[in-house]
Amino acid sequence: QVQLVESGGGLVQAGGSLGLSCAASGSAFRFNAIGWYRQAPGKQREFIAGISRGGSTNYADSVKGRFTISRDNAKNTGYLQMTSLKPEDTAVYYCNAGEFYSGSYYPRNYWGQGTQVTVSS
């Protein structure tokens with residue numbers, strides 16, 4: 001079993017930066033890839049970025065070049081560094097423990113509780 005807890009959300013002005021963390025517990029995390037998703041009001045949850053245990057990554061086109069996913073396996077923690085934030089990045093951000101193969105991230109049913117990110121114009 002894997003438990004995930006996100007932190008680091010908040011309010012930031014457009015053009016600013018914010019970093020999110022995802023602390024994981026449970027031995028299964030050692031073998032899992034990490035993904036970040038977000039859900040804006042009235043919209044479906046969408047994929048943002050994924051990273052394998054070995055550090056391979058992939059990103060949604062909407063955040064490519066602005067967001068960076070990383071992980072520290074020793075700390076069982078994943079990160080999402082967000083720069084050049086836009087009002088349309090406003091959403092609840094969730095981390096996920098899943099699988100990464102063939103260059104893509106595949107979620108499993110391990111989700112954090114989410115953290116709110118609000119970008120003001």
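The values are calculated or read from the model by the stated rules, or taken from the named source; none is laboratory data. Quick caveat: nothing in here was measured; it's all calculated off a predicted structure. As a convention, Cβ positions derive from the backbone with ideal geometry for all residues, glycine included, and neighbour counts pool all protein chains shown. Ligands, DNA and RNA are excluded from the accessible area calculation, which covers all protein heavy atoms including side chains. Shrake-Rupley method; radii C 1.70, N 1.55, O 1.52, S 1.80 Å.
Please give the peptides 34-42, 70-78 ranked by average Cβ packing (other Cβ atoms within 10 Å per residue), highest first, as a rough proxy for protection.
The densest-packed peptide leads the list: 34-42, 70-78.
Computing the accessible area with a 1.4 Å probe over protein heavy atoms, can you report the carbon and sulfur percentage for the chain?
That share works out to 47 percent.
Run through every distinct alpha carbon pair of the chain and return the Kirkwood hydrodynamic radius in angstroms, one decimal place.
Computed over Cα pairs of the chain, the Kirkwood hydrodynamic radius comes out at 14.1 Å.
Under unit Cβ charges (Lys, Arg +1; Asp, Glu -1), what dipole magnitude, rounded to 20 debye, does the stretch 15-121 have relative to its Cα centre?
That gives a dipole near 140 debye.
Sequence gap at least 6, Cα distance under 8 Å: using those rules, report the relative contact order of the stretch 1-115 to the nearest whole percent.
Relative contact order comes out at 34 percent.
Compute for the stretch 1-72: radius of gyration divided by Kirkwood radius, i.e. Rg/Rh, restricted to C-alpha atoms, rounded to two decimals.
Radius of gyration relative to Kirkwood radius: 0.97.
Report, in whole Å, the centroid distance computed from the Cα atoms of the stretch 39-54 and the stretch 56-121.
The two parts, judged by their Cα centres, are 6 Å apart.
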